[in-house]
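Each value in this text was obtained by applying a stated rule to the coordinates, not by laboratory testing. Owing to the predicted nature of the structure, the values given are computational and were not obtained by experimental measurement. Cβ placement follows ideal geometry from the backbone for every residue including glycine, while neighbour counts extend to all protein chains displayed.
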Amino acid sequence: DLRSVTVLIPGRLHEQSVRRIGETFRLVAIDTIDAALLTDEMKATVRGIAASPAIAGGLVGPDFMRALPKLEIVANFGVGYDGVDARHAGANGIMVTNTPDVLTEEVADTALGLLIATVRELPKAEAWLRAGNWAAKGNFRLSPLSLRGRKVGIFGMGRIGMAIARRLEAFGLSVAYHNRRPVDGLAYAYHATLKGLAEAVDTLISVVPGTPQTAKAVNAEILKALGSDGVFVNIGRGSTVDESALAAALADGTIAAAGLDVFADEPNVPPALLDAPNTVLLPHIGSASVHTRRAMADLVVDNLIAWFSDGKAITPVPETAGIGHNR
Ligand code: NDP
């Protein structure tokens with residue numbers, strides 16, 4: 001009986017996940033992801049966690065998991081699960097799930113919107129109209145940059161990277177990529193290093209996960225390789241970028257422009273990036289439509305239901321894919 005299974009929601013989570021978990025399981029909640037807030041009763045009963053670490057505050061790390069000895073599964077809201085220590089979970093027989101696929105097309109749409117907004121200065125053009133400048137001063141300036149003829153490099157040719165690449169092809173642009181290894185049977189040019197990719201293209205779209213290996217991977221050297229006509233778009237994770245190097249590269253013309261949906265210390269945006277004239281900055285809205293967030297909320301709950309009724313998760317992360325039901 002799923003009503004006897006206790007599921008913990010630490011911090012804020014999509015209302016549809018909260019409602020369905022409350023209808024299906026025995027729901028307990030605390031304000032943020034902090035082991036100090038757990039009651040003895042929670043420690044004795046919690047078998048599942050549903051969390052959106054990015055908005056919940058805190059990380060589902062080793063201390064938090066250790067404080068819950070009956071814990072079997074952490075259902076993460078979002079495909080990026082840098083808020084959950086999945087290696088620790090995997091080593092301790094705890095399943096971790098994320099929400100892949102249901103958000104892929106939405107995030108790719110946002111990436112293309114951000115790319116075009118950045119290259120063609122759409123937010124500035126709209127501000128020009130709204131300020132009354134069109135009537136008072138005339139046409140908005142011709143955009144110095146164009147999408148035409150651009151060579152785009154995708155850093156992270158995974159589910160979302162592929163969806164972005166398909167759109168870029170439809171736009172008539174060339175696509176190349178860097179992953180740790182080439183994707184079998186994929187015709188786009190592969191570069192074994194990020195630097196090699198940056199040298200070969202003038203537009204770099206980052207959509208890798210936030211991991212220790214990708215931390216500050218986009219640094220001064222990569223931006224220099226991208227070049228003075230270069231456009232950098234980040235729809236992946238802010239931790240992947242050395243933000244001070246990026247602000248400096250924008251300020252001194254090392255690259256031409258940047259469109260950023262994600263930042264290293266959200267919701268704090270470095271003043272140097274806010275001050276750079278040639279940036280379009282979005283508040284992490286890649287998947288943020290009512291439609292797609294509902295699908296993500298459902299997948300969080302469906303993973304918990306599948307785990308506690310069939311002993312199998314629907315979308316386990318790779319670090320925990322081999323874990324079976326332990327009771
Ligand atoms: P996938 O796992 O399908 O793709 C990730 C890709 O990154 C893989 O192709 C992988 O290839 C590559 N990669 C991983 N680590 C490295 C590395 N160290 N060096 C080079 N390449 C690497 O994930 P998705 O496409 O579904 O999602 C990607 C990320 O996008 C998420 O993890 C999340 O952080 C972010 N995201 C952001 C959103 C937003 O709102 N802005 C919304 C949704 C996702 P390989 O393993 O061969 O290296």
Check your understanding: Cα gyration tensor of the stretch 15-71, axes a ≥ b ≥ c as square roots of the eigenvalues: rounded (a/c below 1.5), prolate (a/b > b/c) or oblate?
Key -> oblate
Practice item. Would you kindly give the portion of the calculated P(r) for the stretch 205-327 that falls above 26 Å, as a percent of all Cα pairs? Key: 38
Check your understanding: Just how large is the dipole of the chain about the Cα centre, in debye to the nearest 20, putting +1 at every Lys and Arg Cβ and -1 at every Asp and Glu Cβ?
Key -> 460
Point to revise | Proxy reagent accessibility, fewest Cβ within 10 Å first, across Y190, Y177 | key: Y190, Y177
Point to revise | Equivalent ellipsoid semi-axes, the stretch 1-137, via Cα gyration tensor eigenvalues times 5, rooted, Å | key: 41, 16, 14
Study note, to complete from the structure: Whole-Hz Karplus couplings 3J(HN,Hα) for the stretch 118-134, θ = phi - 60° and coefficients 6.51, -1.76, 1.60, Gly and Pro as x, run 6, 5, 9, 6, 4, x, 5, 5, 5, 4, 4, 5, 5, 7, x, 5, 4
Check your understanding: Arranged from highest to lowest average of other beta-carbon atoms within 10 Å per residue, in what order do the peptides 293-299, 129-135 appear?
Key -> 293-299, 129-135
Revision key, fill the gap. The local net charge around T99, scoring Lys/Arg +1 and Asp/Glu -1 for residues other than T99 whose Cβ lies under 13 Å from its Cβ, equals -1
Review point. Where q = 0.08, 0.09 Å⁻¹, what log10 of I(q)/I(0) comes from the Debye formula for the chain, counting one point per Cα?
Key: -0.42, -0.52
Review point. Among the lysines, which have Cα under 19 Å from the Cα of K70 when same-chain residues fewer than 8 positions away are ignored?
Key: K43, K312
Revision key, fill the gap. Fewest to most Cβ atoms within 10 Å: S239, S244 sort as S244, S239
Review point. Tally Lys and Arg at +1 and Asp and Glu at -1 over the other residues with C-beta under 15 Å from the C-beta of N76: what net charge comes out?
Key: -3
Review point. So between S244 and S289, what do we pick up on full extension, going 0.36 nm a residue minus the alpha carbon distance?
Key: 13.2 nm
**Study point:** Loop GluC sites (Glu not before Pro), the stretch 62-151, which have at most 14 other Cβ atoms in a 10 Å radius of their Cβ (DSSP)
**Key:** none
Review point. By count of other Cβ within 10 Å, fewest leading, how are S17, S309 ordered?
Key: S309, S17
Exercise for review: Calculate the radius of gyration of the Cα atoms of the stretch 72-189 to one decimal place, then report Dmax, the largest Cα-Cα distance, as a whole number, both in Å.
Suggested key: 20.0, 66
Study note, to complete from the structure: Within the under-9-Å Cβ sphere about H284, not counting H284, Lys/Arg +1 and Asp/Glu -1 give a net charge of -2
**Study point:** 222 nm mean residue ellipticity, helices alone, for the chain (DSSP H n ≥ 4; -39,500 (n - 2.57); rounded to 500)
**Key:** -10500 deg cm²/dmol
Exercise for review: Would you mind checking which residues have amide H under 5 Å from A176's amide H? H placed 1.01 Å from N; only 5 or more apart, or other chain.
Suggested key: V152, G153, I154
Review point. What does the charge dipole of the stretch 167-313 about its Cα centre add up to, to the nearest 20 debye, if the Cβ of each Lys and Arg holds +1 and the Cβ of each Asp and Glu holds -1?
Key: 340
Exercise for review: Give me the angle, in degrees from 0 to 90, between the Cα long axis of helix 159-170 and the longest principal axis of the Cα atoms of the chain, rounded to the nearest 10.
Suggested key: 30
